[in-house]
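Below is one structure; the comments refer to it alone.
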Amino acid sequence: MDVLTNRFKAALRAGRQQIGLWCSLASPISTEIVAGSGFDWLLLDMEHSANDLRDIYGQLQAIMEGEAHAMVRVPSDEPITIKRILDTGAQSLMIPNIDDAEQARRAVAATRYAPRGVRGFSQAPRAARFGRIPDYHARCEDEIFVAVQIESRRALDNLEEIAGVEGVDGVFVGPGDLSTSLGYLGQQNHPEVVAIIEETVARITRTGKLAGILTANEDLARRYIAAGTRFTAIGSDMGVLARATEALAARFKG
Ligand SMILES: O=C(O)C(=O)C[C@H](O)[C@@H](O)CO
């Protein structure tokens, strides 16, 4: 596979479940470590973490030799931010808080050059390996994966229209925000929320788009996979570090 082929997108097309880890530590060192842990994809989070553009750049460099594919969650659907992240070489993007089809169309447009969209042109960004990938501009859009996040009651109402937008490859359920919007603040594992999420995953799948989710609860991760999620994040670097170090300390300190 050449450098421009999006391995994650190719694996999904081939029907292979993609298991991911959420990365919020904003460190090239920790991200390099987990890139070799066996995950298919890592979510580098810019919405709820200290990651800025340089942190993302460094982490993309750090995991070049690893097995895991990087997806970047952008802080917002703002085209200037999306352009800069694509230029660093991120090929898979997650766009948070998409509530309707128009917003989804704008987000996709930010990932496309004219006439299909509004992405600004850079001759030789890192994504084109500084001009060493001569057909970068012609090929890059086929290799971009756009996941939109649905995380509100309004997004649920508009789900089929959002998923139907051309260029939306995946629809990712944000269980924390969705449960909050549904009146279950901090209760993303509440049975009624779980039932709504399972139904939502089935609705996404019926549209022909790929469903994704994050949950650190292993039983729920298996249930959501059974319900149809195709890219499933099963924990976070921060959560694993916090819980594992607490447990280690407790074994000696009682
Ligand atoms: O709403 C959610 O849940 C998400 O979008 C995932 C989160 O932002 C979060 O759990 C990351 O720490």
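In whole angstrom, how far apart do the alpha carbon centroids of the stretch 176-206 and the stretch 1-54 sit?
Centre-to-centre distance over Cα atoms comes out at 24 Å.
Would you please report the Å³ per residue occupied by the convex hull of the alpha carbon atoms in the chain?
129
Quick one: net charge around Gln18, please, counting Lys, Arg +1 and Asp, Glu -1 for every other residue with C-beta under 10 Å from its C-beta.
Here the count lands on +3.
Does anything in the stretch 121-151 have its amide N under 19 Å from the 7 Å Cα→Cβ label point of Thr81, and if so which residues?
145-151
Which net charge results when you count Lys and Arg as +1 and Asp and Glu as -1 among the other residues whose beta-carbon is under 15 Å from that of Thr200?
With Lys, Arg at +1 and Asp, Glu at -1, the net is -2.
Under the definition of Cα pairs under 8 Å and six or more residues apart, what whole-number percent is the relative contact order of the chain?
Relative contact order, the chain: 18 percent.
So how much accessible area does His190 have, in Å² to the nearest 10, using a 1.4 Å probe?
That residue has around 50 Å² of solvent-accessible surface.
Which distance in nm do the two modelled labels at Gln17 and Arg222 give, with both placed 7 Å along the Cα-to-Cβ direction?
About 1.0 nm, to one decimal.
Evaluate E = 1/(1 + (r/R0)^6) for Ile133 and Asp52, where r is the Cβ-Cβ distance and R0 equals 25 Å; express this FRET efficiency to the nearest 0.05.
It comes out at approximately 0.45.
With only Lys, Arg, Asp and Glu charged, each at its Cβ (+1 for the first two, -1 for the last two), find how big the charge dipole of the chain is about the Cα centre; round to the nearest 20 debye.
Taking the Cα centre of the chain as origin, the dipole is about 440 debye.
Order of 119-131, 166-178 by packing, highest average Cβ count within 10 Å first?
Packing order, densest peptide first, comes out as 166-178, 119-131.
When the helix-only estimate is applied to the chain (DSSP H runs of n ≥ 4, each -39,500 (n - 2.57), divided by the residue count), what is the mean residue ellipticity at 222 nm, nearest 500 deg cm²/dmol?
That calculation yields -12000 deg cm²/dmol at 222 nm.
Need one number: convex hull volume per residue for the stretch 47-101, Cα atoms only, in Å³.
89
Would you calculate the separation in nanometres between label points at Asp100 and Ala195, each defined as 7 Å from the Cα along the Cα-to-beta-carbon direction?
3.0
What residue among Ile225, Val148, Pro134 has its Cα farthest toward the positive end of the dipole of the chain, where the charges are +1 on Lys, Arg and -1 on Asp, Glu, each on the Cβ?
About the Cα centre, the residue reaching furthest to the positive side is Pro134.
First measure r as the distance between the Cβ atoms of Ala247 and Glu161, then evaluate 1/(1 + (r/R0)^6) with R0 = 41 Å and state the FRET efficiency to the nearest 0.05.
The value I calculate is 0.35.
The values are calculated or read from the model by the stated rules, or taken from the named source; none is laboratory data. What you see is a predicted model, and the numbers here were worked out from it, not measured in a lab. Virtual Cβ from ideal backbone geometry, glycine too; neighbours counted across all protein chains shown. Accessible surface is based on the protein model in full, side chains and every heavy atom, while ligands, DNA and RNA are left aside. Shrake-Rupley method; radii C 1.70, N 1.55, O 1.52, S 1.80 Å.
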